[in-house]
1. Leu19 versus (1) modelled with pLDDT of 95 or more; (2) among the hydrophobic types (A, V, I, L, M, F, W, C); (3) exposed (fewer than 15 other Cβ atoms within 10 Å of the Cβ): which is the lone unmet condition?
2. Applying the selection to the stretch 52-81, what residues are of a type outside the set (A, V, I, L, M) and part of a loop (DSSP other than H, G, I, E, B)?
3. Quick one: how many residues across the stretch 249-279 are more than 14 Å from the ligand (Cβ to nearest atom) and at negative phi?
4. Phe382 is checked against (1) assigned to a strand (DSSP E or B); (2) at pLDDT 85 or above; (3) of a type outside the set (Lys, Arg) and fails just one. What number does that condition carry?
5. So if I check each of Asn3, Asn46, which one is at pLDDT below 95 and either surrounded by fewer than 16 Cβ atoms within 10 Å (Cβ to Cβ) or part of a helix (DSSP H, G or I) (or both)?
6. Of everything in the stretch 297-313 that's surrounded by fewer than 19 Cβ atoms within 10 Å (Cβ to Cβ) and charged (D, E, K, R), which residue is nearest to the ligand (Cβ to nearest atom)?
7. Filter the stretch 235-293 down to residues that are without any contact (Cβ under 8 Å) to a residue 60 or more places away in the chain, in contact with a Phe, Trp or Tyr (Cβ under 6 Å, 6 or more places away or on another chain) and over 18 Å from Gly195 (Cβ atoms), then give me how many there are.
Amino acid sequence: MKNNIPIYGENRIRIIDFLRGTTILKTLNNLRQEQYFSSELLTEKNITKKLMKFNQAKKESKFYETYSSYTDIPILTKEIIKCNINSLKSNIFRGELIEKATGGSTGAPLVYLTTKHAQSFMWASILLSWETAGYKLGDRVAFVAGTSLIKNSIKHKIFHSLLNIKTYSSYNLNDENIKYYIAEIKKNKIRLIYGYATALGKIANYLNQNEKIEFPDLKSIVTTAEILTEKERVNIKKAFNVNVYNQYGCNEAGVSAFECEYKKMHLINSGCSIEVDNEENLITTNLVNDGFFMLRYFTGDKIRISEIKNCKCNRGYPIIEDIKGRSYDFVVDTNNKSMHAAFFNILFKGEKSIDLFQVEFDKSSITIYLKVNEHKNDPTYFDKYLKIIQKNLFFKEYNIVLDAPFQSTKNAKHKYVIDKSFA
Ligand SMILES: [Zn+2]
């Protein structure tokens with residue numbers, strides 16, 4: 001593979017690596033090569049690395065010292081990590097351990113420790129996903145996201161300006177802000193937009209409903225952090241007139257995946273070793289963190305790995321067939337039957353008058369909040385959906401509310417499902 005990357009762009013990463021003590025450029029170069037290794041070779045390397053990580057954790061940490069084999073070690077939950085934060089540390093690691101917290105869409109964020117090497121992997125894997133979408137190092141990028149991507153410290157501001165990133169908050173995306181963002185994207189000749197699917201969906205709705213705006217400098221859009229529905233993808237693509245790629249990461253777990261030119265989601269299996277249990281829960285061993293061991297970690301995401309090993313793009317990384325998102329994206333009815341949020345996605349798929357939905361439930365009632373662009377004065381129009389929901393989920397009370405404001409999480413990601421009994 002030949003890459004015509006301007007030195008100017010590479011130098012930006014060199015400066016970041018120098019200032020922050022990271023190795024993003026080196027890691028990116030490795031990933032660029034490695035992605036085209038055969039699936040067999042990558043699988044073999046993955047198994048070797050997993051066993052090496054187990055031996056390292058056994059030798060260097062209190063938590064893993066008593067386990068004799070990989071299969072004996074327990075599934076690591078957030079609660080276990082919380083109670084064992086010191087015994088999961090490596091006792092010989094001399095580098096800096098950086099404290100991080102996960103996005104916390106569950107309410108209780110997880111505090112874990114990471115290293116410069118693991119951080120380098122995370123950034124290199126994001127850059128690889130952008131490159132796959134047509135980005136060249138140094139290209140100007142717009143971030144449209146909440147706090148889990150946009151941090152406002154001076155350190156982060158320098159980092160963003162070195163990476164040539166402009167940040168735009170996904171909070172309060174009203175028409176006025178959207179108009180401003182659109183003008184900024186044009187004025188700054190943004191080449192790539194990276195952001196939350198629902199935030200970009202809102203901007204896309206505005207664009208699709210108003211006079212056509214051209215973005216001649218824009219190459220593509222990469223969405224992240226939320227599930228990208230097919231409807232949303234089509235919507236965003238139509239508004240910006242560029243291809244939309246999805247990217248998926250679970251940083252604490254060393255998990256990073258990106259969509260290729262053929263819309264296949266490839267998992268970078270040099271960062272993690274994964275298991276998927278009978279209920280499709282993603283359990284991972286972080287292979288890139290040498291300072292804090294997270295082996296067989298229960299991520300809370302549900303995924304399915306494809307049987308297909310070959311992709312037209314020639315990448316050897318395994319293919320994720322489906323990401324069902326966090327396991328709390330489920331509605332549980334009065335009889336304890338659980339239904340994934342995807343049920344509602346499918347239910348409303350062909351309904352043009354619904355822009356976005358949110359489902360709120362507790363032990364006895366369920367309320368569907370709908371943002372609609374039609375039938376505002378005729379709520380009975382949506383009764384047909386209630387009937388289908390009643391057939392599939394049992395509650396004492398069912399409601400549909402039109403155009404009420406949605407609840408969002410602290411980091412402004414859209415939540416499709418809210419369990420009121422936890423609130
Ligand atoms: Zn592919």
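The values are calculated or read from the model by the stated rules, or taken from the named source; none is laboratory data. All values reported here derive from a predicted model rather than from experimental measurement. Using ideal geometry, Cβ is built from the backbone for each residue, glycine included, and neighbour counts are taken over all protein chains shown.
1. Among (1) modelled with pLDDT of 95 or more; (2) among the hydrophobic types (A, V, I, L, M, F, W, C); (3) exposed (fewer than 15 other Cβ atoms within 10 Å of the Cβ), Leu19 violates only (1).
2. Narrowing the stretch 52-81 to residues of a type outside the set (A, V, I, L, M): 53-56, 58-72, 74, 77-79.
Across the stretch 52-81, the qualifying residues are Ser61, Lys62, Phe63, Tyr64, Glu65, Thr66, Tyr67, Ser68, Ser69, Pro74, Thr77.
3. The first filter runs over the stretch 249-279 and keeps only residues more than 14 Å from the ligand (Cβ to nearest atom), leaving 249-256, 270-279.
After this cut, where a residue has to be at negative phi as well, the list is 249-253, 255-256, 270-279.
Count: 17.
4. Failed condition: (1).
5. Numbers: Asn46 fails: at pLDDT below 95.
Testing whether each residue is at pLDDT below 95 and either surrounded by fewer than 16 Cβ atoms within 10 Å (Cβ to Cβ) or part of a helix (DSSP H, G or I) (or both) leaves just Asn3.
6. Start the filter on the stretch 297-313 by keeping residues that are surrounded by fewer than 19 Cβ atoms within 10 Å (Cβ to Cβ), which leaves 304-310, 312-313.
Pick out the ones that are also charged (D, E, K, R) and you get 304, 307, 309, 312.
Details: Arg304: 16, Glu307: 15, Lys309: 11, Lys312: 6 Å.
Here the answer is Lys312.
7. So the first thing to find is which residues in the stretch 235-293 are without any contact (Cβ under 8 Å) to a residue 60 or more places away in the chain, and the list is 235-242, 244, 246, 250, 253, 255, 262-265, 267, 272, 274-282, 284.
After this cut, where a residue has to be in contact with a Phe, Trp or Tyr (Cβ under 6 Å, 6 or more places away or on another chain) as well, the list is 240, 253, 267, 284.
Among the residues that remain, those that are also over 18 Å from Gly195 (Cβ atoms) are: 253, 267, 284.
Residues flagged as without any contact (Cβ under 8 Å) to a residue 60 or more places away in the chain, in contact with a Phe, Trp or Tyr (Cβ under 6 Å, 6 or more places away or on another chain) and over 18 Å from Gly195 (Cβ atoms) within the stretch 235-293 amount to 3.
Yes/no per residue for (1) under 15 Å from Ser39 (Cβ atoms); (2) hydrophobic (A, V, I, L, M, F, W, C):
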position	(1), (2)
Phe240	no, yes
Phe258	no, yes
Glu261	no, no
Leu267	yes, yes
Asp301	no, no
Lys324	no, no
